[in-house]
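> Below is one structure. I have some questions about it.
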Amino acid sequence: MEHTATIVAQTQQTKPEALAIIAAALKIPVTGVATAHSYIRLARGGRVEVEIPKFGESLPLTIDVYSRRSAAEARASAQNVLELVATATGWQIEHLHA
C-alpha cells in the first residue's frame with residue numbers, strides 16, 4: 001500500500017518543467033525524463049510526481065509525495081519537499097494535504 005501527501009502550489013508549469021525545478025531544489029535527478037511516467041525518486045523508497053491541471057481546469061499544480069512505509073513518512077517527506085521547493089522557487093504553496 002502506498003501513502004500519499006499532496007502539496008498544492010499556485011504556479012503555471014508544464015509537468016517536465018515542474019519536475020525539473022523540483023529536482024533541482026532537491027538536488028535529485030528526474031527518473032524517466034521525457035516519459036509519461038517521470039518522477040523523482042526519494043531516499044527510503046519514496047517518490048515525487050507532479051499532476052498538472054487538465055484542459056479547461058484552473059490552477060493549482062499538485063505535487064504528490066508517495067511512501068510505501070507509512071502515512072507519517074509521506075507527510076514528513078512532503079513537508080521537506082514543500083520547504084525546499086518554496087525556498088528555491090518562491091512558488092506560492094497553498095497547503096499540504098495528507
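We did not get these values from a lab; they are worked out from the coordinates using the rules stated. What you are looking at is a predicted structure, and each value in this text was computed from that prediction instead of being measured. As a convention, Cβ positions derive from the backbone with ideal geometry for all residues, glycine included, and neighbour counts pool all protein chains shown.
> For the chain, what is the calculated [θ] at 222 nm in deg cm²/dmol (nearest 500), taking -39500 (n - 2.57) for each run of four or more DSSP H residues and dividing by its residue count?
Working: 2 runs with 31 residues, N = 98.
Taking each H run of at least 4 residues, the total per residue is -10500 deg cm²/dmol.
> For the ranges 28-34, 1-7, 88-94, 73-79, what's the packing order if you count other beta-carbon atoms within 10 Å of each residue, average per peptide, and put the highest first?
On the way: 28-34: 12.9, 1-7: 16.9, 88-94: 15.1, 73-79: 19.7.
Ranking the peptides 28-34, 1-7, 88-94, 73-79 by packing returns 73-79, 1-7, 88-94, 28-34.
> Taking Cα pairs under 8 Å and at least six residues apart, what relative contact order does the chain come out at, in percent? List each step's numbers first, then the result.
Values: 188 pairs, mean separation 41.0, N = 98.
It comes to 42 percent, rounded to a whole number.
> Of the listed values (i) 35, 27, 26; (ii) 32, 27, 21; (iii) 38, 32, 21, identify the label whose number matches Cα extents along the principal axes in Å calculated from this model.
Identified label for the calculated read-out: (i).
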